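Structure record follows, encoded as structure tokens.
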Amino acid sequence: MDDINIILLCLSTVLSNTNRHHLQLISYALLAMNGRVTMLGLSRWAEKGGSYRTIQRFLGQPLSWCRWNGYLVRHQWHDEVVLIAGDTTMVTKSGQKTHRLGRYFASIYNRAVPGLLVFTLSLISVKQRRAFPMITEQVLQEADEPTLTKVASSP
């Protein structure tokens, strides 16, 4: 648990004391729990001060995860050569109610399957041969352009 405290201390310049404390409670609960990770599960495994409403408020506010990741990586890789790389990947998903569900080609199935398209931007340490994802966002499909219907020309 001391490792988590050291990592969170690196973020003390970016986080307020309240947010740092809430992130610490959530991190401890994540490490302790098993099964599906839900807000209710986190609140059950969290220590005093980690109620459902507290976790809901923390995760409901706009958080700068990219900035936090940047501070953590900069703290670890202060004198190294770092590359940046981005890639999209498709995550299969079933059901009809999933927001922004589309059909994408999956080479494993060798056909287009229903799923979500996700873009990840990572920093790569050349010396350590390790990558750290900085941003992961869903790629939103643009509205389909209206298809032109073929008009049969009469001779």
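The values are calculated or read from the model by the stated rules, or taken from the named source; none is laboratory data. Given the structure is predicted, the values throughout are model-derived calculations rather than measurements. Reconstructed Cβ throughout: ideal geometry from the backbone, glycine too, with neighbour counts over all protein chains shown.
Report the residue count in region 18-55 for those that are among the polar types (S, T, N, Q) and under 19 Å from the mean Cα position of the chain (by Cα). Count: 4. Residues in region 43-59 include none that are modelled with pLDDT under 90 and touching a Cys at 6+ places or on another chain (Cβ under 8 Å). When the helices (runs of 4 or more DSSP H) confined to region 10-96 are screened for residues that are touching a residue at least 60 places away in the same chain (Cβ under 8 Å), those reaching at least 2 such residues are found at 65-76. For region 101-153, the tally of residues that are modelled with pLDDT under 90, touching a Gly at 6+ places or on another chain (Cβ under 6 Å) and part of a strand (DSSP E or B) stands at 1.
The number of residues in region 73-84 that are of a type in the set (A, V, I, L, M), surrounded by 11 or more Cβ atoms within 10 Å (Cβ to Cβ) and at pLDDT 80 or above comes to 1.
The sole residue among R67, R36, R57, R100 that is closer than 30 Å to V139 by Cα, basic (K, R) and touching a helix residue (DSSP H, G or I) at 6+ places or on another chain (Cβ under 9 Å) is R57.
Filtering region 1-29 to residues that are more than 17 Å from R57 (Cβ to Cβ) and of a type in the set (A, V, I, L, M, F, W, C) leaves M1, I4, I6, I7, L8, L9, C10, L11, V14. Within region 107-131, the set of residues being of a type outside the set (A, V, I, L, M, F, W, C), without any contact (Cβ under 8 Å) to a residue 24 or more places away in the chain and surrounded by 11 or more Cβ atoms within 10 Å (Cβ to Cβ) comprises P114, R130.
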